[in-house]
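The values are calculated or read from the model by the stated rules, or taken from the named source; none is laboratory data. All of these numbers come straight from a predicted model, not from anything done at the bench. For neighbour counting, all protein chains shown are included, and Cβ atoms are generated from backbone atoms with ideal geometry for every residue, glycine included.
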Amino acid sequence: MIKPTERMAFNFLRSYFDVLNELLTDEDRLNFLLSIINKQFLNEDPKDLNFTVNLCYQSQRHAIEASVKGWIRATKPNLSETPPTNPPTNPPTNPKEEEEEEKEEEKEKEVYYNEKSFLLDWEKCRTHFMKQPTNIKKLDFHEKGYFSDALKNYTDREVKDAMVCLFKQEVKNISSMFLRPKHFLESIDKYVSASSANDYKLYGSIKKTSSGGL
């Protein structure tokens, strides 16, 4: 089935490829790719993504939406109503806007996982695992330093997995560890290792109580 779009192509950034290769299953990779493709060609936001794929998409969302907005500014299409041309034709271009869009994409290539993306992931983890949304606007001075070091040593996928590992720990008896990301960032080596080993009992385990008689 031909879906209604006039867009002929979009730039597939290196950052998309890097994130894609960090996903573990073909199903997750396919859903990640389809999310990008449907947004770029149809301006459709992804729905029903699992937690991991959604984190990956959100880390690239700014670059994806910047590309879509740039094309809409240049062509003023109606992605939901305009039937495909037959044969398809290339939309008119605006050299100045194309140049600005390319600069934006180059910037995203250089730093595609940044403080904003990280804090969005932190908010999603708190909401998902602790049912306690947060709204941290920026990292403090010490957190910024730890975050910079983390990106030098680990991929964004490793940072995300380590963050999930923190929030999946069975025992959460120190609330400050889950309030701001300072503890996580300064101890990220521990959580990366624990994530690789699927170790969610760094601080002990929840004792299971038996029911019934003796």
Q: Find the residue count for segment 1-29, including only residues that are part of a helix (DSSP H, G or I) and of a type in the set (Val, Ile, Thr).
A: 1
Q. For residues in segment 30-51 being assigned to a helix (DSSP H, G or I), touching a residue at least 24 places away in the same chain (Cβ under 8 Å) and surrounded by fewer than 19 Cβ atoms within 10 Å (Cβ to Cβ), which is farthest from the chain's Cα centre (by Cα)?
A. Leu42
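Quick grid of which residues meet (1) at pLDDT 90 or above; (2) among the small types (Gly, Ala, Ser); (3) under 28 Å from Val159 (Cβ atoms):
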site: Asn11; (1), (2), (3): no, no, yes
site: Ile36; (1), (2), (3): yes, no, yes
site: Phe41; (1), (2), (3): yes, no, no
site: Phe51; (1), (2), (3): yes, no, yes
site: Thr75; (1), (2), (3): no, no, no
site: Asn78; (1), (2), (3): no, no, no
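State whether one or more residues within segment 175-183 are in contact (Cβ under 8 Å) with a residue 60 or more places away in the chain and of a type outside the set (D, E, K, R). I'd like the intermediate steps shown before the answer.
Of segment 175-183, the ones in contact (Cβ under 8 Å) with a residue 60 or more places away in the chain are 181.
From what's left, of a type outside the set (D, E, K, R): 181.
Within segment 175-183, one or more residues are in contact (Cβ under 8 Å) with a residue 60 or more places away in the chain and of a type outside the set (D, E, K, R).
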